[in-house]
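The structure appears right after this line, and notes come after that.
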Amino acid sequence: MYNSIKLSESVDWVGVNDKETDLFESLWPLPEGIAYNSYIINDEKVALIDTVKINYTDSYLEKVKDVIGDKKVDYLIINHMEPDHSGSIKSIREAYPDVKIVGNAKTMNFLEGFYGITDGTKVIKDGDELDLGSRSLKFYLTPMVHWPETMMTFDQKDKILFSGDAFGGFGSLNGYLFDDEVNVDHFEEEIRRYFSNIIGKYGPVVHKTISRLVEEIETIEMIAATHGLVWRKDPAHIIEEYDRWSQQKTEEGVVVVYGSMYGNTKIMAEAVARSLSENGIEDIKLFDVSRKDISFIINDIWKYKGIVLGSCTYNNEIFPPMEYLLKSLESRNLRDRVLGIFGSYSWSGGSLARLQSFKEKVHCDLVEPSIESQFAPRGDILEKCYLLGKNVAQTVKEKC
Ligand code: FEO
């Protein structure tokens, strides 16, 4: 067992690892777990930065005590009020009754609403600084990355950016903490799955925020987010990744997703995928939307330029799991993809019309033919599927 981990002489990680929660936000599977990172700055004044989910309060308080002994916590800085980070605020206040809770005006609204706390607070504005003795902290308000009250805190002495959820990822910390202690390639999928599902909707705001931080902060030695690795060897790497994803910049490759009750739509999807392969696409992902959690599908859609969506019809409408995926992509403002669509039905259409309305809601280039098949797909339909695959492959290659 390990407790705190040093980031610098006066800054420690005092976070916890969650391998027990199955669904983050009761939505997103956590096959690799997740970390809730909190940090403590032990200067003349002591400042805690964010807390941890309520389930882990006891071990969290032990870690804090291990670092500061009999000293008290002077400030609790709240970069983000989502309960995976704010869940231990009340316990910190009980353990350290004089602690000043530091946040912006919006933070205070959440603080009262979630925990009934209205006193012992300090409201800061964008650009304000807080003196801890040998260093001062500077605050950057970053609304909608990804909640209204989100902000970041910069330690101007050690040049550590405590960034809240930004630059974080899924996956617990299995003994390691820093990017130079692991092969970061191994984490890319879970970081992008976190970004695309949790933060991706706010891409334009994230891009604007990153541009501002890069312009205003001359040197960032470390990025310490509330989830995932601390980036000290190559903080520019995670900044570049987040910036790229926030702008929906993609790679050559195609994600084919189908919804199929009895296998007929699946046959069409496999024909499209075979054609993609014959036409030079090496990265092809083929998903059954009923059986793959959509967070993994959205992760790959965030990576690749091409998407082909095919669905059967169910009660005159599109197949319900496909509807969930379409709504999720629409709400994330998907754009700049090469899109192919096809639908199937037995006694009434419906799925292709919904896929066409999806096309109208996202800013993607539709590649023809759009295909609608009745009953089992026969030769002429499969020829169209091959043509769709060929046209998607060519358009993806032209645009990448
Ligand atoms: Fe990790 Fe938005 O909470």
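The values are calculated or read from the model by the stated rules, or taken from the named source; none is laboratory data. Worth saying up front: this structure is predicted, and the values here are computed from it rather than measured. Don't worry about glycine lacking a Cβ; one is built from the backbone with ideal geometry, like all the others, and counts go over all protein chains shown. Quick note on the areas: whole protein, heavy atoms, side chains included, nothing else; ligands and nucleic acids left out. Shrake-Rupley method; radii C 1.70, N 1.55, O 1.52, S 1.80 Å.
Laid out as a table, the results:
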read-out	value
Between the range 166-211 and the range 117-141, the Cα center-to-center distance that results, in Å	26 Å
Two-site FRET efficiency, Glu44 against Glu317, from Cβ-Cβ distance with R₀ of 51 Å, rounded to 0.05	0.20
Projected-area average for the chain over all orientations - Cα convex hull basis, square nanometres	20.3 nm²
Accessible surface of Leu309 - all protein chains present, 1.4 Å probe, nearest 10 Å²	0 Å²
Charge-dipole axis of the chain as Lys and Arg at +1 and Asp and Glu at -1 on Cβ define it, positive-most pick from Tyr56, Val123, Phe110	Phe110
Reachable lysines, given that their alpha-carbon falls under 28 Å from the alpha-carbon of Lys65 and they are not under 8 places away in the same chain	Lys6, Lys19, Lys45, Lys53, Lys90, Lys100, Lys122, Lys138, Lys157, Lys159
Shape category assigned to the range 254-394 from the gyration tensor of Cα positions, a/c cut at 1.5	rounded
Sum of -39500 (n - 2.57) over DSSP H runs of 4+, divided by residues of the chain (222 nm, nearest 500)	-10500 deg cm²/dmol
Extension reserve of the Arg378-Ile217 stretch, reckoned as 0.36 nm per residue once the Cα distance is removed	51.9 nm
DSSP loop GluC sites (Glu not before Pro) with at most 13 other Cβ within 10 Å: longest gap in the chain	45-217
Reach of Lys72 by Cα under 14 Å, taken over aspartates and glutamates that are not fewer than 8 positions away in the same chain	Asp43, Glu44, Glu62, Glu94, Asp98
Of all accessible heavy-atom area on the chain, the percent that carbon and sulfur account for (1.4 Å)	47 percent
Within the range 211-315, chymotrypsin sites (Phe, Trp or Tyr not before Pro) in DSSP loop having at most 13 other beta-carbon neighbours inside 10 Å	Tyr262
Within the chain, percent of DSSP bridges classed antiparallel, to nearest 5	45 percent
Over 18 Å (Cα to Cα) - which of Lys292/Lys384; Lys292/Lys327; Lys305/Lys399; Lys201/Lys249 fall in this group	Lys292/Lys384
Cβ charges +1 (Lys, Arg) and -1 (Asp, Glu), total dipole of the chain, debye	1040 debye
Residue-normalised accessible area of the chain, given per residue in Å² at a 1.4 Å probe	42 Å²
Per-residue SASA entry for Ile294, accessible area with 1.4 Å probe, Å² rounded to 10	10 Å²
